[in-house]
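The structure appears below as structure tokens.
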Amino acid sequence: MYKILEKTPLNPTVTKMVIDAPFVAKRAKAGQFIILRVNENGERIPLTIEDSDPEKGTVSIVYQIVGGTTMKLNALNEGDSLHDFVGPLGKPSVIDSNKKVCVIGGGVGCAIAYPTAKAFAKAGADVT
């Protein structure tokens, strides 16, 4: 079980959660995602890894409440647990330190923008 450490509403339909998932946090890279299930019989849904902290063993996700599964996810609170939290999955973004990079995004679907910009900056790229 994967404990919800923080739950922060960002607006009435978008929420950020910080999940205790040390294995995922240690391996997560920009551009990757997780698949979670709220409960044993729940639907598997993919969500972008918004951030991770390998030292704390945490992974942050941001989701929009748009259907049954995200409604069930949003009904959980700090201290509750997710049944499954699998990842990191997907091919990481290619990060090059010898570049000038402009990261542009809009809406909830651009959750990948923050970890990508952070990874470029950490690699030494000039990021706008």
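The values are calculated or read from the model by the stated rules, or taken from the named source; none is laboratory data. Here the structure is a predicted model, which means the values were calculated and not measured. Every residue, glycine as well, gets a Cβ built from its backbone with ideal geometry; the counts of neighbours run over all protein chains shown. With ligands, DNA and RNA removed, areas are computed over all heavy atoms of the protein, side chains included. Shrake-Rupley method; radii C 1.70, N 1.55, O 1.52, S 1.80 Å.
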*Check on Ile112, farther than 17 Å from Leu5 by Cα and among the hydrophobic types (A, V, I, L, M, F, W, C)*: yes
*Looking at the range 105-128, which of its residues are open to solvent by 70 Å² or more (accessible area, probe 1.4 Å), over 12 Å from Ala30 (Cβ atoms) and more than 14 Å from the chain's Cα centre (by Cα)?*
Asp126, Thr128
